[in-house]
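Right, one structure below, let's go through it.
The values are calculated or read from the model by the stated rules, or taken from the named source; none is laboratory data. Quantities reported herein were computed from a predicted structural model and do not represent experimental measurements. Every residue, glycine as well, gets a Cβ built from its backbone with ideal geometry; the counts of neighbours run over all protein chains shown.
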Amino acid sequence: MHIDGVAAVVTGGSSGLGAATCRELAGASARVAVFDVNEDAGAALAEEIGGVFLHCDVGDEASAITAFEEAESRHGAARILVNCAGIGPMARLFRKSGLHSIELFEQILRVNTTGTFNCVRLAAAGMKDLAPTESGDRGVIVNTASVAGLEGNLGVVAYAASKAAVAGMTLPLARELAEHDIRVVTIAPGAFDTPMYGAINEAATERMLADVLSPKRLGRPQEYAKFVCHIVDNQMLNGEIIRLDAGIRMAARYA
């Protein structure tokens, strides 16, 4: 699918992978809607790229419905959805303060898993009624899992579970949406230079980078964003979970 002129929605768009994706899509002349709960950063980014910012709590049905309706009224129904919204606080099962809380576990799944599904279903409902593009696609959905969802290390059980669920959605969604000419691909990033990894202490980051094959550095958000654009452009990519991780295989523990 050609990106030029199409409407795109990016969740978690105000920072990190999402912000880089908003910039990359806008640079390719997409009409970008930035969905996030961070209003100041989101509004500033939308102004920078000539897009629109819409407050969206992805795990809340009413909030997401409102955001998609407003985005459609401004740009038309989205042909591209990129789900980057996510949280990843670390927590072990047993801590001095007590057991890993059910509330934290459910909060992480609410944003990362339910939020992804919520936005997929709403975006796909609009995509399926669009006329196919010249290439035949009606829409492309890119979800964000994590290598932690495939080989999670100590202290990230909730995050790993949430991202494994995102990965698990990929093929069933692609199979269901194929009749509507909507492709679904999931990216599983490794260690990227984003606010989420900024919360990890320097020593743990160095230990993690030791397990990266090459290049031995944190990924750049722009590299994720460029890959999103390649997925949109390359019609043969569908139903896949693709690692973007410089060959890392995560060890059992880093902190």
List the number of the failed condition for residue 107; all other conditions in (1) over 26 Å from residue 234 (Cα atoms); (2) over 24 Å from the mean Cα position of the chain (by Cα); (3) modelled with pLDDT of 95 or more hold.
(2)
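Residue-wise test of (1) buried (at least 17 other Cβ atoms within 10 Å of the Cβ); (2) farther than 30 Å from residue 153 by Cβ; (3) without any contact (Cβ under 8 Å) to a residue 24 or more places away in the chain.
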site	(1), (2), (3)
43	yes, yes, yes
47	no, yes, yes
59	yes, no, no
65	no, yes, no
68	yes, yes, no
75	yes, yes, no
78	yes, yes, no
83	yes, no, no
91	yes, no, no
Residues that are over 24 Å from residue 228 (Cα atoms) and assigned to a strand (DSSP E or B): does segment 85-93 have at least one?
yes
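So that you can scan it fast, the table gives a plain yes or no per residue for (1) on the phi < 0 side of the Ramachandran plot; (2) in a helix (DSSP H, G or I); (3) in contact with a Pro (Cβ under 8 Å, 6 or more places away or on another chain):
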residue	(1), (2), (3)
22	yes, yes, no
34	yes, no, no
47	yes, yes, no
63	yes, yes, no
74	yes, yes, no
104	yes, yes, yes
108	yes, yes, yes
111	yes, yes, no
120	yes, yes, no
When only residues in segment 110-132 that are more than 15 Å from residue 9 (Cβ to Cβ) and surrounded by 16 or more Cβ atoms within 10 Å (Cβ to Cβ) count, which is farthest from the chain's Cα centre (by Cα)?
110
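This table checks each residue for (1) within 22 Å of residue 136 (Cα to Cα); (2) touching a strand residue (DSSP E or B) at 6+ places or on another chain (Cβ under 7 Å).
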| site | (1), (2) |
| --- | --- |
| 2 | yes, no |
| 6 | yes, yes |
| 15 | no, no |
| 18 | no, yes |
| 21 | no, yes |
| 26 | no, yes |
| 29 | yes, no |
| 43 | no, yes |
| 47 | no, no |
Among 164, 178, which is assigned to a helix (DSSP H, G or I), small (Gly, Ala, Ser), at pLDDT 95 or above and under 14 Å from residue 238 (Cα atoms)?
178
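Does residue 88 meet the test of being closer than 25 Å to residue 187 by Cβ, modelled with pLDDT under 95 and not acidic (Asp, Glu)? Break it down into steps so the answer makes sense when it comes.
On the way: closer than 25 Å to residue 187 by Cβ: yes; modelled with pLDDT under 95: yes; not acidic (Asp, Glu): yes.
Taking the combined requirement at face value, the residue satisfies it.
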Kindly evaluate residue 10 against the criterion of being under 16 Å from the mean Cα position of the chain (by Cα), of a type in the set (A, V, I, L, M) and either more than 14 Å from residue 119 (Cα to Cα) or not in a loop (DSSP other than H, G, I, E, B) (or both).
yes
Under the condition of being without any contact (Cβ under 8 Å) to a residue 24 or more places away in the chain and among the aliphatic types (A, V, I, L, M), which residue from segment 204-255 is surrounded by the fewest Cβ atoms within 10 Å (Cβ to Cβ)?
236
Lone unmet requirement of (1) more than 29 Å from residue 30 (Cβ to Cβ); (2) polar (S, T, N, Q); (3) crowded, with 19+ Cβ neighbours inside 10 Å for residue 170:
(1)
